[in-house]
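This report concerns only the one structure given below.
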Amino acid sequence: MERLAPDRRARGGAGVVVALGLCGVLLGAAGWATVTYNRLVRARAAAEAQWAQVEAQYQRRVDLVPALAGAVRGVLVQERDVIDAVARARDAYLASPKGSPARARAAASLDASLGRLVAVVEASPTLRSSETVAELMDELSGTENRIAVERRRYNERVRDYNTLVLGFPTGLLARVGGFRPLPYYEAAPGTSAPPAVTLPGAGR
């Protein structure tokens with residue numbers, strides 16, 4: 001019996017080492033999962049916060065629509081359909097839920113409608129000479145530029161987040177945690193660039 005004791009001690013020591021090794025692996029895996037999950041949460045929150053910035057600039061533009069439509073309505077009697085299209089697009093945007101795909105589509109529709117209105121305004125010498133219209137168009141131009149900047153930043157945040165979600169091994173935890181890729185902002189055909197809203201000589 002005394003001869004077997006060292007063997008038992010050896011086996012017992014090996015078992016302890018294996019147990020400690022397994023504990024270390026489990027603790028390491030748990031630590032990695034916690035850190036990775038938090039990275040996913042932060043990346044998704046950053047993308048969502050950036051989209052809120054895009055919508056804030058959309059709201060600035062939406063707020064300009066009534067004043068611009070009112071300023072041009074009396075002159076553009078023959079272009080009432082263009083003005084009405086802008087008003088409908090604005091209403092559709094305001095009626096759609098914040099942060100929803102429907103609101104993004106409504107914003108793209110408003111892009112297109114405003115682009116047509118801007119083209120009509122620029123073709124009118126009377127409106128080009130109006131100081132009020134010129135000021136509104138300048139403000140609209142600045143807003144469009146800010147929208148473009150915020151959209152680009154949103155796409156950058158989405159790229160960072162999607163890289164985590166679709167990468168390996170992070171993607172494994174992402175699927176378990178319910179993280180899904182976010183869509184990039186893509187302008188509708190014909191609205192990839194802000195409408196030209198410069199009025200040469202307006203108000204001069």
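Structural remarks
- Length gained on full extension, ALA29 to ARG175, computed as 0.36 nm times the residue gap minus the Cα-Cα distance: 50.9 nm.
- Projected label points at LEU94 and ARG80, each 7 Å from Cα along the beta carbon direction, are separated by 2.1 nanometres.
- Ordering LEU136, ALA33, VAL54 by Cα displacement along the dipole of the range 15-177 toward the positive end leaves ALA33 in first place; charges were set at the Cβ atoms of Lys, Arg (+1) and Asp, Glu (-1).
- Close amide H contacts of SER130 (hydrogens built in the peptide plane, cut-off under 5 Å, sequence separation of 5 or more or a different chain): GLY203.
- Relative to its Kirkwood radius, the Cα radius of gyration of the range 15-177 gives an Rg/Rh of 1.29.
A short reminder: the numbers here are calculations on the coordinates, not readings from a lab. Since this is a predicted model, take the numbers as computed values, not measurements. Note that each Cβ is placed from the backbone with ideal geometry, even for glycine, and that neighbours are counted across all protein chains shown.
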